[in-house]
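Presented below is the structure to which this report refers.
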Amino acid sequence: MKFTKDHEWVEVAGDVATVGITAYAAEQLGDVVFVEVPEVGKTVKQGEALAVVESVKAASDVYAPVSGEVVEANETLGDSPETVNAAPEAGGWFAKVKLNNPAELNALMDRDAYEAFLGTL
Amino acid sequence: MSEQDLKKTPLYDAHVAAGARMVPFAGYHMPVQYKDGVLKEHLWTREHAGLFDVSHMGQARLRGDNPAKSFEKLVSADYQGLKPGKQRYAVLLNAEGGVIDDLMTARPDDDGLFIVVNGACKDNDYKIIAEALAGEATVERLEDRALLALQGPEAAPVLAAHIPEAANMVFMDSAAVTAFGTDVLISRSGYTGEDGYEISVPSTEAARIWNTLLEDERVKAIGLGARDSLRLEAGLPLYGHDMDETVSPIEAGMPFAVGKSRREAGDYLGADRIGKELAGDLKRVRVNLKVLEGAPAREGAEIADADGAVIGKVTSGGFGPSFGGAIAIGFVPPQYNVVGSELKVIVRGKPQKAEVVTSPFVPTRYVRKL
């Protein structure tokens with residue numbers, strides 16, 4: 001798993017990256033009450049809004065950690081947005097993106113680097 | 001305002017020790033939530049008792065020969081008719097009938113009037129009030145007092161253990177009592193739609209009283225995040241969002257803010273406009289919307305008619321934890337404010353169905369009689 005400073009994670013299998021938000025981000029957001037996942041087929045660039053996650057208080061963008069085409073979206077979050085809090089780094093994933101520039105992954109943090117980054121916040 | 005300029009309430013240390021997430025609000029470091037988070041804090045308040053620090057709000061005394069008469073130059077309510085032991089809501093009006101602030105005024109004792117105004121507005125309010133009352137009455141800011149709110153169905157039994165007189169009060173009663181070993185001003189009122197009390201205490205005693213109330217297992221500290229979702233469900237407008245200097249109390253759905261005797265006399269600021277609005281001549285009105293699909297519609301989202309033509313804007317909106325869905329308050333021309341009819345809210349460019357509903361979104365539980 002790799003991480004961004006905006007608290008997204010990616011897990012790559014082959015040329016497809018699964019994207020979610022970290023446990024830290026989920027805790028900061030508080031109880032998630034609504035998730036807007038991207039449509040399959042949408043192409044996103046690294047750093048663009050990929051999904052929207054809403055708590056009671058506010059809406060927050062989830063940014064694409066990598067560029068590519070959305071090949072699957074986690075539609076179960078429509079009925080169960082609370083999964084983002086319960087399992088942010090597993091069942092609470094937002095979308096799967098087919099990488100069109102795998103080199104982008106090199107600039108992301110590994111878990112140790114992300115934990116160290118959290119320590120600076 | 002930079003972080004360093006933010007003020008602290010007397011309960012700042014208690015909030016930090018409890019793990020609150022502190023945010024800048026109305027010039028103060030305020031707890032937006034504690035460890036449980038907004039959703040659980042909201043539901044706890046609806047089921048048990050929530051304790052809020054609202055010490056950022058302005059507390060003041062108006063004193064003079066007839067401070068109520070002088071104050072009526074600025075506000076919409078009948079305050080000369082405010083009986084001892086009662087509290088009444090009003091809005092501070094500008095010359096055009098717009099709202100400079102909304103406030104509560106009480107006669108808890110024979111020491112003039114006790115007013116509570118919004119924290120973000122208080123400096124301006126006091127300046128306007130002092131100018132209008134000059135030579136007739138004085139404004140004394142009670143900077144040495146904190147304000148707590150205890151809200152929820154278990155607030156009354158919890159408070160009765162400390163203030164037996166509180167049990168004999170009804171909604172919008174006000175009293176000065178000796179409790180917790182000090183002087184306390186209480187009113188049976190609040191900003192959640194629940195039964196409950198607002199409790200003014202000396203700042204030096206605030207942390208002790210706060211902790212004493214929290215010792216009761218029915219009570220939890222609740223942040224401003226839940227205060228906002230609770231008041232939204234209760235259909236209570238928030239100044240600076242659902243009301244401002246362009247919005248009249250009639251447009252905002254608060255006609256009771258304009259007292260009967262004041263309507264008859266027409267002796268308040270903006271009486272031309274407000275009189276016409278009371279007679280039905282309104283350009284826009286507050287609408288209460290249940291969002292039927294998609295994302296919560298938040299402040300700034302456009303409201304459209306069923307065909308998609310933009311007719312207004314959301315001024316407060318979000319998820320209502322007790323309502324169980326997204327709700328919003330906004331403003332539209334009056335012909336669209338028809339309960340049961342369909343409108344749309346536009347969220348991130350997408351039109352979503354919404355239904356006009358009555359206010360409040362969640363039934364209020366004020367104790368109007370014992």
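The values are calculated or read from the model by the stated rules, or taken from the named source; none is laboratory data. All figures in this text were calculated on a predicted structure; none of them were measured in a lab. We place every Cβ from the backbone using ideal geometry, glycine too, and count neighbours over all the protein chains shown.
Brief remarks follow.
- For the residues B:ASP281, B:ASP307, the requirement of being over 20 Å from B:VAL38 (Cα atoms), part of a loop (DSSP other than H, G, I, E, B) and at pLDDT 95 or above singles out B:ASP281.
- For beta carbons closer than 8 Å, sequence separation of 6+ or different chains, a first residue in the stretch B:16-43 that is assigned by TED's automatic domain parsing to the domain that holds B:ALA146 and farther than 15 Å from B:LYS220 by Cα and a second that is outside any strand (DSSP E or B) and charged (D, E, K, R), the qualifying pairs are B:PRO24/B:GLU3; B:GLY27/B:ASP5.
- Subset tally (residues that are among the acidic types (Asp, Glu) and either over 11 Å from the mean Cα position of the chain (by Cα) or part of a strand (DSSP E or B) (or both)) for the stretch A:81-107: 2
- Residue match in the stretch B:289-306 (condition: in contact with a helix residue (DSSP H, G or I) (Cβ under 7 Å, 6 or more places away or on another chain) and over 19 Å from B:ALA226 (Cα atoms)): yes
- Test result for B:ARG286, within 24 Å of A:GLU54 (Cβ to Cβ) and either at pLDDT 95 or above or among the aromatic types (Phe, Trp, Tyr) (or both): yes
- Conditions (1) away from every other protein chain (no Cβ under 14 Å); (2) out of contact with any His (no Cβ under 6 Å at 6 or more places or on another chain); (3) of a type in the set (Gly, Ala, Ser): number failed by B:GLY37: (1)
- Residue within the stretch B:312-324 that is more than 28 Å from B:THR45 (Cβ to Cβ) and either more than 14 Å from chain A (Cβ to nearest Cβ) or assigned to a loop (DSSP other than H, G, I, E, B) (or both) present: yes
- Total residues in the stretch A:11-52 satisfying the condition of being in contact (Cβ under 8 Å) with a residue 24 or more places away in the chain, touching an Asp or Glu at 6+ places or on another chain (Cβ under 8 Å) and at the interface with chain B (Cβ under 10 Å from one of its Cβ atoms): the figure is 5.
- In the set B:ARG263, B:ARG218, B:ARG227, only one residue is out of contact with any Phe, Trp or Tyr (no Cβ under 8 Å at 6 or more places or on another chain) and closer than 30 Å to A:GLN28 by Cα; that residue is B:ARG218.
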